[in-house]
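We did not get these values from a lab; they are worked out from the coordinates using the rules stated. The shown structure was predicted, so the numbers you read here are calculated from the model rather than taken from an experiment. Every residue, glycine among them, receives a Cβ derived from its backbone with ideal geometry; neighbour counts consider all protein chains shown.
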Amino acid sequence: MSRFRVLFKSTAVRLSALYILLFAICAATLVFYVTAMSERLLTGQIRDAVRQEVEQVQRAYDTGGMNLLLRTMERRARQPGANLYIIAGPSGDILAGNVASVQPGVFEEIGWTSAPFIYQRYTDSGIERRHKAIANIFVLDNGLRILIGRDLGDPERFRLLVRQALMVALAIMGLGAIIIWFAIGRNALKRIDRMSDASKKIMAGDLSQRLPVGGSGDEFDRLSMSLNTMLERIEKLNEGLRQVSDNIAHDLKTPLTRLRNKAADALDISDGETRRTALEGIISESDQLIRTFNALLMISRVEAGSVAAEMSPVELSAIVSDSAELYEPAAEEAGLDLSSSIEPDVEVQGNRELIGQAIFNLLDNAIKYSSDTEGAGKVSLKLSRRPDGICLSVADHGPGVPADRRDDVVKRFVRLDESRSKPGTGLGLSLVEAVMELHNGRLELSDTDPDKPEQRGLTVSMIFPAKAA
Amino acid sequence: MSAAPQENALSLAETQPVGNVGRMKILIIEDDLEAAVYLTKAFREAGIVADHASDGESGLFMGSENTYDVIVIDRMLPRRDGLSVISELRRKAIHTPVLILSALGQVDDRVTGLRAGGDDYLPKPYAFSELLARVEVLGRRKGTPDQDVVYRVGDLELDRLSHEVRRSGKEILLQPREFRLLEYLMKNAGQVVTRTMLLENVWDYHFDPQTNVIDVHVSRLRSKIEKDYNQPLLKTIRGAGYMIKDEG
């Protein structure tokens, strides 16, 4: 019976059981109502018929006296399916009629009997079983009592019949419901089993698996489809993660190897001063590695969105002017002029630290990649309100990034400079992008001077959504 | 490593004056034994006595029973987490400066850490030079409440109220940011301050400047305060940061 228990755990089955119960209650009420109503109607008709007969018999007595009354009643009593006719003495003893006996006390009332009474009638096989009837009793002027009644067998039978018919119908419906219920439940169970089979495969590591979609577009299909979309996203993220870890392995192996070699070399150095220099080199190499790790951790935290809680209104103008002030000497030392154009009082909902770090990264890049370029001259930092949002851009006049590589440079560890001659982690723009994503903004890369293919420069724009006023 | 320090601590605690006189004494609460052994040794080499506790409860006990100049605490500890150790210490009115080490480097973690009563926050992984510099600054801070109006290093004077800087009585004009840079360096005269500490305290951004931005500011400042004088004051400590000091 455990299968039944499992079945009953299904929501669909539980719901249909509840519906069946409600339906049964309604149906039972209906049965009783219908039978009661029809019984009342029939009884009413019976009373009418009896009343008419009473009038006729009374009229016969009035015109023809006892003789005509007896004849009339005799004739009527012989008809098939006849009514009940009794002539009784004043004390209630039956003198004549087509009834063998009646429930005692019936003749004590005059007029309609207050309730159905029981009587026995004559049949060919002696005395028949008991019947129920209602009757009207009236008294003749000679003291005799006349009872004219009608058997209640018809309405009673009718009531039983209706009730039976309804019961049968209910039983059929209930049976049907149970069958459907089992079928639905089984079907639901089967589909859920199929879904959990697929999920097990996915859990086992096969992310290319998808949940079955039946094609009917029902709720199971919709669930499967949204789970499948989720799986696609997970698979993509997983793929990205794998790529990143490949890159990490690759990009961290190189400096680690270098570090190891430097340490090995330092072991062989006997001269104190040279040895010290070598060791300092090792330390700065390790620091670079630590920076890389920090940057990676930072990006993944920003991407995970866990800093989102720390968002507050920040004055972007102030951050930008801080950055300009912080980088101005560094730019100058690199032979560049850092100019800034900052619209005042620009505020965004965000995280000051992260936005600051993003701007610093962009300025670092701009200075790093344009300082070697002849005539690069200047780096411009600009904050302005635009119709599509708030734009913060850093423009340099260095070699720039070809249009087809722009998506790549944002990726982790991607650096156009294959020789890696410039210091850097290859993570700067990745962090900027993650920061922009966190702020519901976007990152745009474009040429500073599109008409100078050799030295087109790079403009990186951080577009923040316009703050709802 | 974990049993011995307690006696050690008691013997030293009562006799050593706190502050910049004598050796600094710190407590490291860190459950990673290897890291703790390394830190203890590295601090000893830097002239700092370091005790070690390997879980929150014993760290809290040692921190409350002994007098330390600085407590270095890991955030995630067995038996009692780092933040709760700090709050408990503060509740007991123990105001030893606390530096929190944490693998949780998020911006808001720093805020929660400082709110719990920590005095400084260093995300892992960190360079030891960074930790050392911060511990030394924290240890020094304890002894000298920051009440001086005028900072002096050799013949260099910085007046925090009038914002005037003089060397040998001659006024040196500084940009506001250069003034704050010099103020921070002089406040911690004789201590190594790292680039990260400068970015934190002068610019109020909390991360590791990856390039030479800070160095350029420092060398500008240096040229202003040292240009016409023979005696260098502002030194670059290789692999660590900067220090302002009068070598006499």
Where only alpha carbons of chain A are counted, the Rg and the Dmax (Å): 50.9, 160
Whole-Hz ³J(HN,Hα) from phi, Karplus 6.51 cos²θ - 1.76 cosθ + 1.60, for region A:224-241, glycine and proline x: 4, 5, 6, 5, 5, 4, 4, 4, 4, 4, 4, 4, 5, 4, 4, 4, x, 5
Positive-end residue, the protein assembly as shown charge dipole about Cα centroid, Cβ charges, pick of B:Ala50, A:Ile367, A:Gly272: B:Ala50
Options A:Leu95, A:Ile110, A:Leu256, ranked by Cα towards positive dipole end of chain A, top entry (Cβ charges): A:Leu95
Estimated distance in nm for a label pair at A:Leu140 and A:His250, the labels positioned 7 Å out from Cα along Cα-to-Cβ: 12.6
Residue among B:Ala103, B:Ala133, B:Ala53 with the largest mean-square fluctuation in a Gaussian network model of chain B, springs linking Cα atoms under 10 Å: B:Ala103
Cα gyration tensor, region A:252-304 - rounded (a/c under 1.5), prolate or oblate: prolate
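Restricting to chain B, compute how many DSSP beta bridges are antiparallel as a %, nearest 5.
Beta bridges within chain B, antiparallel portion: roughly 50 percent.
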Cα-based shape type of region B:21-85, given that a ≥ b ≥ c are square roots of the gyration tensor eigenvalues and the cut on a/c is 1.5: oblate
Counting DSSP beta bridges with both ends in the protein assembly as shown, the antiparallel % (nearest 5): 75
Debye, to nearest 20: dipole size of chain B, +1 on Lys, Arg Cβ, -1 on Asp, Glu Cβ: 600
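Cβ under 12 Å from B:Ala127's Cβ, B:Ala127 left aside: what net charge do those residues give with Lys, Arg +1 and Asp, Glu -1?
0
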Too-long pairs where the Cα-Cα distance tops 19 Å, listed order kept, from A:Lys382/B:Lys224; B:Lys187/B:Lys245; B:Lys124/B:Lys235; A:Lys382/A:Lys452; A:Lys378/A:Lys452; A:Lys253/A:Lys368: A:Lys382/B:Lys224; B:Lys124/B:Lys235; A:Lys382/A:Lys452; A:Lys253/A:Lys368
Amide H contacts under 5 Å for B:Tyr68, placed H, 5+ residues apart: none
About the Cα centre, charge dipole magnitude for region A:310-464 (Lys/Arg +1, Asp/Glu -1 at Cβ), debye: 400
Amide H partners (placed H, <5 Å) of B:Gln191, local residues excluded: B:Ile244
Note, ³J(HN,Hα) from phi for region A:204-209, Karplus 6.51, -1.76, 1.60, rounded to Hz, x at Gly and Pro: 5, x, 8, 6, 7, 4
Under-5 Å amide H pairs with B:Asp51, H placed in peptide plane, nonlocal only: B:Ile26, B:Leu27, B:Ile28
The protein assembly as shown, helix-only ellipticity at 222 nm - DSSP H runs n ≥ 4, -39,500 (n - 2.57), divided by all residues, nearest 500: -17000 deg cm²/dmol
Charged-residue dipole, Cβ positions (Lys, Arg, Asp, Glu), the protein assembly as shown about Cα centre, Debye nearest 20: 3880
Lys/Arg +1, Asp/Glu -1 at C-beta; region B:150-244 dipole; positive extreme among B:Leu234, B:Trp203, B:Val165: B:Leu234
Under Karplus coefficients 6.51, -1.76 and 1.60, residue-wise ³J(HN,Hα) of region A:64-75 in Hz, glycine/proline x: x, x, 4, 4, 5, 4, 4, 5, 4, 5, 4, 4
